[in-house]
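The values are calculated or read from the model by the stated rules, or taken from the named source; none is laboratory data. Keep in mind that this is a model prediction, so the values were computed, not measured. So basically every Cβ, Gly included, is an ideal-geometry build from the backbone, and we count neighbours across all protein chains shown.
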Amino acid sequence: MKQLKVGINGCGRLGRAFLRQYLRMTNPQFQVVVINDPMPMDQLVYLTRYDSVHGRLENDVAFEVKGQVIASPHGDIAYPQTKDVPHWSDYQLDMVVELSGVYTKTSMVQKHLAAGAPKVLLGAPLLDEQGKITRQFPDWATGIWPGEALDLASNCKVFSGFSCTTQALVTLLRPLVDNNIGIESAMVTELHGFTTSQHLLDSPHKDWRRGRNAASSIIPTPTQGIFGAEQLMPVLQGRISGYSIRVPVPDVAALDVSVHLSSEHKLEQILALYKQAENGNLKNILSLEDQPLVSVDFIGRTESAVLAEDLCQVNRHQLRLYGWYDNEYGYARRLLDSLNLSVGQ
């Protein structure tokens, strides 16, 4: 079976979460042969090995500078180190994984294709030229479910994994949709840790609230992530709204989802559907938790969403769902799953 040759563009928080899990994999069905990022190669190795949130990479996991390449357990990795798109055609790749957060607009992601990338797995929503989430994909792009295998035989060139928020939301809503539980509307409040787009001290920002000190305030801000769910679940078109609240933690997010159902249901009936999904089509993607945990307890969890049973409520037609997720590790794992499942397509 052919092993996919993969390149990574961007090794910030998401890129390194992807890389750390890849390095720990046993017999992955793909090989990372090139990484591109502007930072010096030795600094990438350092930041990958020592992480303030996820801890230290195990000593027995090889990841070190070896001349002009990086040595890894799965083979040497080239490192062109450029701010621009490298000449992907030099590396005989099957796929580029775009994780920089820069090449997300339709015109920008096509730069990878022009540079020789046969296909692109986009670790972000695909945006239009105004920076809004694409409501209708062009014929050369599509969106994928969390962990969905990529159809490499199709004419599609770009596969969007949407965002961690989208993946968590569709995971929380899918047991309802799959079991024909009518959803009239849903209001979503996302609680999300600060990101590199924010500032440690008050500074100018196009979103004035997001320009305030990220470590000392609770910061409401718009999010496009929830609208990706409408593309994966057309039945929800025009039925979802909400916003994000940035909170002063470095990792782990939560979704507080208030769903207006078309008929009344008991909480026990709803939770039974989620337990079936946990052991069925959403195995390893959805989990249920009955302990009174807090955000730090979910650092390193790789599910797209973990439903907190004790925080779920029903009041006649109103259903409240509360799901935790590691917005770095959970999302990165789904991208890894998509690559691993796509071999032989």
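Output the residue which, of all residues in region 44-80 that are of a type in the set (G, A, S) and surrounded by 16 or more Cβ atoms within 10 Å (Cβ to Cβ), is nearest to A115 (Cα to Cα).
Once the filter is applied, the top-ranked residue is A78.
Just to be sure, is P220 under 25 Å from L336 (Cβ atoms) and either part of a strand (DSSP E or B) or touching a Leu at 6+ places or on another chain (Cβ under 9 Å) (or both)? First the steps, then the outcome.
Working: under 25 Å from L336 (Cβ atoms): no; either part of a strand (DSSP E or B) or touching a Leu at 6+ places or on another chain (Cβ under 9 Å) (or both): yes.
So P220 fails the test.
The residue of region 194-230 that is nearest to the chain's Cα centre (by Cα), among those that are farther than 27 Å from V314 by Cα and crowded, with 20+ Cβ neighbours inside 10 Å, is F194.
The condition of being at pLDDT 95 or above, part of a loop (DSSP other than H, G, I, E, B) and not assigned by TED's automatic domain parsing to the domain that holds S100 holds for only one of D251, D256, that being D251.
Screening T134, T142, T166 for residues that are free of Cβ contacts under 8 Å to residues at least 24 places away in the same chain, crowded, with 16+ Cβ neighbours inside 10 Å and not basic (K, R) leaves exactly one candidate, T142.
Scanning region 178-193 finds no residues that are among the acidic types (D, E), touching a strand residue (DSSP E or B) at 6+ places or on another chain (Cβ under 8 Å), more than 25 Å from A277 (Cβ to Cβ) and not assigned by TED's automatic domain parsing to the domain that holds G12.
If you scan region 230-247, which residues turn out to be small (G, A, S) and either assigned by TED's automatic domain parsing to the domain that holds L126 or assigned to a loop (DSSP other than H, G, I, E, B) (or both)? First the steps, then the outcome.
Step one: list which residues in region 230-247 are small (G, A, S), which gives 238, 241-242, 244.
The one that is small (G, A, S) and either assigned by TED's automatic domain parsing to the domain that holds L126 or assigned to a loop (DSSP other than H, G, I, E, B) (or both): G238.
So which residues in region 53-98 are over 24 Å from V158 (Cβ atoms), part of a strand (DSSP E or B) and of a type in the set (V, I, T), if there are any at all? Result: V65, V69, I70.
Of all the strands (runs of 3 or more DSSP E) wholly in region 115-182, which have at least 2 residues that are touching an Asp or Glu at 6+ places or on another chain (Cβ under 7 Å)?
120-122
If you take the residues in region 288-345 that are in a helix (DSSP H, G or I) and among the hydroxyl-bearing types (S, T, Y), which one is surrounded by the fewest Cβ atoms within 10 Å (Cβ to Cβ)? Out of the qualifying residues, it is S295. Exactly one residue among R316, R301 is more than 16 Å from L173 (Cβ to Cβ), outside the structural domain of V97 (by TED's automatic domain parsing), touching a residue at least 12 places away in the same chain (Cβ under 8 Å) and touching a Ser or Thr at 6+ places or on another chain (Cβ under 9 Å), and that residue is R301.
Of all the listed residues (L47, L23, L14, L19), the sole one being touching a Pro at 6+ places or on another chain (Cβ under 7 Å), outside any strand (DSSP E or B) and at pLDDT 95 or above is L23.
G242: on the phi > 0 side of the Ramachandran plot and in contact with a helix residue (DSSP H, G or I) (Cβ under 9 Å, 6 or more places away or on another chain), yes or no? Outline the logic, then answer.
Numbers: on the phi > 0 side of the Ramachandran plot: yes; in contact with a helix residue (DSSP H, G or I) (Cβ under 9 Å, 6 or more places away or on another chain): yes.
Considered against the rule, which asks whether it is on the phi > 0 side of the Ramachandran plot and in contact with a helix residue (DSSP H, G or I) (Cβ under 9 Å, 6 or more places away or on another chain), G242 comes out as yes.
S304 meets each of the listed conditions (1) farther than 26 Å from I181 by Cβ; (2) under 15 Å from the mean Cα position of the chain (by Cα); (3) polar (S, T, N, Q) apart from (1).
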